[in-house]
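One structure is given below, encoded as structure tokens.
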């Protein structure tokens, strides 16, 4: 039996990551897809998010995993190494009541995979999913709530600050950023 985690968080099932093994592949799954083959992908996405947000950043578990994770309008994106190790994850929320707009969120890259370019590749994979799944022709605007410490990263990915207003989310300062994509 393992000792209880002093933080009160459930133990992670994810294997510790020691190295990034190329090539990296990306996979997607809808939040409500009943295909049992996608259960492992969704578990890996949740484990990456729990490791980064809950364990590293002390985001409360109740705020990290929510009902939107299981919605038909949610697309999960997972980056894995050639060895199958989960490296990063993100969530794309389709906005049926706002045609032409989607929300990128819960972008997380495991510590050993940071500063390798994986984060930018993950953003690009989410953007491709946005263009594929958004139900409008022409342009799609991707909106995100950026942790202020990550705003430089998102700027390098082509995102711009929306209003400059900052707000606390899960005890972390954020600002909204956006980028408009066009289908070519």
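The numbers here are math on the coordinates, done by the rules we state, and not lab data. Predicted, not measured: the structure shown is a model, and the values here were computed from it. Here the Cβ positions follow ideal geometry from the backbone for every residue, glycine too, while neighbour counts run over all protein chains shown.
Worth a mention:
- Mean ellipticity per residue at 222 nm, deg cm²/dmol - from DSSP H runs of n ≥ 4 across the chain, formula -39500 (n - 2.57): -5500 deg cm²/dmol
- Cβ crowding within 10 Å ranks 97, 176, 83 as 97, 83, 176, fewest other Cβ atoms first.
- Most mobile of 144, 63, 92 in a GNM of the chain (Cα contacts under 10 Å): 63
- Difference of contour (0.36 nm per residue) and Cα-Cα distance, residue 145 to residue 58: 29.6 nm
- Computed over the alpha-carbon pairs of the chain, the distance histogram in 5 Å steps reads 1, 8, 16, 20, 21, 18, 10, 4, 1, 0, 0, 0 percent, short to long.
- For the chain, relative contact order (Cα pairs under 8 Å, six or more residues apart, normalised by length) works out to 18 percent.
- Sorted ascending by nearby beta carbons within 10 Å, beginning with the fewest, 181, 122, 50 become 181, 50, 122.
- Rounded to the nearest 10 degrees, the angle from helix 118-133 to the longest Cα principal axis of the chain is 50 degrees.
- Contact order normalised by residue count of region 6-115, Cα under 8 Å, 6+ apart, percent: 31 percent
- For 131, 94, order by how many other beta-carbon atoms lie within 10 Å, fewest first: 131, 94
- FRET efficiency estimate (nearest 0.05) - Cβ-Cβ, residue 168 to residue 136, R0 41 angstrom: 0.80
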